[in-house]
Amino acid sequence: MSRPSARSHEIMERSRQLFPGGVNSPVRAFGGVGGEPFVAERGKGARLWDADGNEYIDYVLSWGPLVLGHAPKVVLDAVDRAMQLGTSFGIPTGLEVQLAERVVERMPHLEMLRFVSSGTEATMSAVRIARAMTGRDFILKFDGCYHGHADSFLVRAGSGVATLGLPNSPGVPKMLAALTLTAPFNDLEQTRAIARSQAPQLAAIIVEPVCGNCGYIPPEPGFLDGLRDLADETGALLIFDEVMTGFRIAYGGAVEAFGVTPDLTTFGKVIGGGLPVAAYGGRAEIMKQVAPLGTVYQAGTLSGNPLAMAAGIATLDALTPSVHRAMVDQTDRLVGGLQAIAAAKGVPFTAGHTGSMWGFFFLGRNPRNFGEAKAADVALFRKFFHAARERGVYLAPSQFEAAFTSAAHGKREIDETLDRLEQALSAALT
Ligand code: PLP
């Protein structure tokens, strides 16, 4: 059981004076589960320690980026080497080329890309190109999908927006929000009807190929193919937002996992190995629209930052196909183990994974989309989350967020986790 959290509490009291809600990103505030977040102090491998010395096996992993676990030596050494040469230049470096070459080798459908510093920048820029290429203004996204906090995406968005129950954000001009159409994930019929109703105006269909921002919801067979056909039919560009899924659901991302090729792809999280890197890319004819070759403007002072590039290169190099496979095998054991624990206790429960991205709902069947996921027993999730935390397992603090494993989650960590979560579920049920 975890120890008292006096030091975390003291830091959070000061944080609340300085930051809205005491945090620099809303999901960190534990709004979906109640209580106060702990304050992280250090991490190593699959584990992190808070400011009071409590240890957690971590399944949040900085919300996805830490695919090798916390503080992997290869990444620390690479960043250190890069840092000795300078922290930023604002002019091309060889490191940018090295990281880009590794990305296109794994995902050959990308002919050109551009590095940015956050997933939000990547998705926002991809939509801007789609609008420029097509000369159209509307986009279609899916209910519960989150693509960052750019104005056009804060319409029925997932992640913290859903956890906090905010349907749309104030501050987004109504005229802009009206250009964002939404459809239910995994419902091709409705998606077709909505897309066709605005077909001459539709610039892009953007989707998380595996939904992670309203809990873990995989695409049904044929859904992504259907979106590909619909984009071709309407003349819209298909954008896969792989900020969460990239290098996680399969070595080669969604194209390898599902055999469907988008026009544009966005990345974040894993691509920077825990430092701020994101990217967007696609066919050369599309990417050539971007300045300075084309007229679609997008820029960034710290884009392609050498420390961040070094972390990305070291991460992708260490994430070999065999390391990836081992990580997926452990994820499979974890998910199977959880299903068995819940079944033994007779709790309505569903869990699944694609690669090392996984999730569960306290619900008797697999939800197909956010609308169905909302029927999950959120009260039980809250109890389970806190019981898990007390026993040293850190799960995402919302029923509507995906979870992740890393290459550092070996047999021992998974066995320990299953042990602790079995106790946590018993405690949550009493
Ligand atoms: N797209 C997806 C699928 C995400 O999950 C996120 C963040 O969680 C983003 C975009 C936004 O990325 P960032 O938080 O780096 O701006």
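So L238 ticks every box in (1) within 13 Å of the ligand (Cβ to nearest atom); (2) buried (at least 23 other Cβ atoms within 10 Å of the Cβ) but one. Which box is left unticked?
Only one criterion is unmet by L238, namely (1).
Looking only at segment 83-124, which residues are open to solvent by less than 50 Å² (accessible area, probe 1.4 Å), within 16 Å of the ligand (Cβ to nearest atom) and of a type in the set (D, E, K, R)?
Within segment 83-124, E121 is the sole residue that qualifies.
Select from segment 181-203 the residues that are among the hydroxyl-bearing types (S, T, Y) and open to solvent by less than 10 Å² (accessible area, probe 1.4 Å) and list them in ascending order.
Residues of segment 181-203 that are among the hydroxyl-bearing types (S, T, Y), as a first pass: 182, 191, 197.
Of everything in segment 181-203, just one residue is among the hydroxyl-bearing types (S, T, Y) and open to solvent by less than 10 Å² (accessible area, probe 1.4 Å), namely T191.
Find the residue count for segment 42-62, including only residues that are assigned to a helix (DSSP H, G or I) and farther than 23 Å from I313 by Cα.
0
Assess whether V74 counts as being under 26 Å from G268 (Cα atoms), at pLDDT 95 or above and open to solvent by 30 Å² or more (accessible area, probe 1.4 Å).
yes
In the list P219, P170, which residue meets the criterion of being without any contact (Cβ under 8 Å) to a residue 12 or more places away in the chain, under 30 Å from G31 (Cβ atoms) and more than 15 Å from the chain's Cα centre (by Cα)? Before you say what the answer is, go through the steps one by one.
Values: P219 fails: without any contact (Cβ under 8 Å) to a residue 12 or more places away in the chain.
Residue meeting the stated conditions: P170.
Please state which of the following conditions R228 fails to meet, knowing it meets all the rest: (1) within 15 Å of the ligand (Cβ to nearest atom); (2) under 21 Å from T354 (Cα atoms).
(1)
Within segment 172-224, work out how many residues are assigned to a loop (DSSP other than H, G, I, E, B) and not aliphatic (A, V, I, L, M). Let's see the steps before the verdict.
Taking segment 172-224 as the starting set, the residues that turn out to be assigned to a loop (DSSP other than H, G, I, E, B) are 172-173, 178-179, 184-187, 198, 208-210, 212, 214, 216, 218-222.
Within this subset, residues satisfying the condition of being not aliphatic (A, V, I, L, M) are 173, 184-187, 198, 208-209, 212, 214, 216, 218-222.
Total meeting the criteria: 16.
Which one of P37, P108, P65 is part of a loop (DSSP other than H, G, I, E, B) and modelled with pLDDT under 95?
Unique residue meeting the criteria: P108.
Please verify whether V74 is in contact (Cβ under 8 Å) with a residue 24 or more places away in the chain, in a helix (DSSP H, G or I) and over 20 Å from the mean Cα position of the chain (by Cα), treating the condition exactly as stated.
Numbers: in contact (Cβ under 8 Å) with a residue 24 or more places away in the chain: yes; in a helix (DSSP H, G or I): yes; over 20 Å from the mean Cα position of the chain (by Cα): yes.
In short, yes.
Do you know which of the residues in segment 290-305 that are of a type outside the set (A, V, I, L, M, F, W, C) and surrounded by 11 or more Cβ atoms within 10 Å (Cβ to Cβ) is nearest to M133 (Cα to Cα)? Full working, then the answer.
Our first condition is that a residue be of a type outside the set (A, V, I, L, M, F, W, C); within segment 290-305, this holds for 292, 294-295, 297-298, 300-301, 303-305.
Checking which are surrounded by 11 or more Cβ atoms within 10 Å (Cβ to Cβ) leaves us with 294, 297-298, 300, 303-305.
On the way: G294: 11, Y297: 13, Q298: 15, G300: 22, S303: 23, G304: 25, N305: 28 Å.
Filtering first and then ranking leaves G294.
Taking the conditions exactly as written (crowded, with 18+ Cβ neighbours inside 10 Å, assigned by TED's automatic domain parsing to the domain that holds A379, without any contact (Cβ under 8 Å) to a residue 60 or more places away in the chain and touching a strand residue (DSSP E or B) at 6+ places or on another chain (Cβ under 8 Å)), does A29 satisfy them or not?
Working: crowded, with 18+ Cβ neighbours inside 10 Å: yes; assigned by TED's automatic domain parsing to the domain that holds A379: yes; without any contact (Cβ under 8 Å) to a residue 60 or more places away in the chain: yes; touching a strand residue (DSSP E or B) at 6+ places or on another chain (Cβ under 8 Å): no.
Criteria not met by A29.
Among the residues that make up segment 297-310, is at least one of them touching a Phe, Trp or Tyr at 6+ places or on another chain (Cβ under 7 Å), farther than 20 Å from R102 by Cβ and among the small types (G, A, S)?
No, every residue in segment 297-310 fails to be touching a Phe, Trp or Tyr at 6+ places or on another chain (Cβ under 7 Å), farther than 20 Å from R102 by Cβ and among the small types (G, A, S).
Answer yes if at least one residue in segment 363-371 is open to solvent by less than 60 Å² (accessible area, probe 1.4 Å), touching a His at 6+ places or on another chain (Cβ under 7 Å) and within 27 Å of D187 (Cβ to Cβ), and no otherwise.
Residues of segment 363-371 open to solvent by less than 60 Å² (accessible area, probe 1.4 Å): 363, 367, 369-371.
Subsequent filtering for residues that are touching a His at 6+ places or on another chain (Cβ under 7 Å) retains none.
Within segment 363-371 (the criterion being open to solvent by less than 60 Å² (accessible area, probe 1.4 Å), touching a His at 6+ places or on another chain (Cβ under 7 Å) and within 27 Å of D187 (Cβ to Cβ)), the answer is no, since none of the residues qualifies.
Between D137, D151, which is touching a Ser or Thr at 6+ places or on another chain (Cβ under 9 Å), more than 8 Å from the ligand (Cβ to nearest atom) and among the acidic types (D, E)? Give the steps one after another, and end with the answer.
Working: D137 fails: touching a Ser or Thr at 6+ places or on another chain (Cβ under 9 Å).
Criteria check complete, one pass: D151.
Here are some conditions: (1) closer than 21 Å to F142 by Cα; (2) within 12 Å of the ligand (Cβ to nearest atom). V277 meets all but one. Which one does it not meet?
(1)
Which one of these is open to solvent by less than 10 Å² (accessible area, probe 1.4 Å) and either more than 25 Å from L395 (Cβ to Cβ) or away from the ligand (no atom under 16 Å from the Cβ) (or both): I217, I271, I206?
On the way: I217 fails: either more than 25 Å from L395 (Cβ to Cβ) or away from the ligand (no atom under 16 Å from the Cβ) (or both); I271 fails: either more than 25 Å from L395 (Cβ to Cβ) or away from the ligand (no atom under 16 Å from the Cβ) (or both).
Among I217, I271, I206, only I206 is open to solvent by less than 10 Å² (accessible area, probe 1.4 Å) and either more than 25 Å from L395 (Cβ to Cβ) or away from the ligand (no atom under 16 Å from the Cβ) (or both).
The values are calculated or read from the model by the stated rules, or taken from the named source; none is laboratory data. Small disclaimer: the values here were computed from a predicted structure and weren't measured. Quick reminder, even Gly has a Cβ in these numbers, built from the backbone with ideal geometry, and neighbours come from all protein chains shown. In case anyone asks, the SASA skips ligands and DNA or RNA and just uses the protein heavy atoms, side chains included. Shrake-Rupley method; radii C 1.70, N 1.55, O 1.52, S 1.80 Å.
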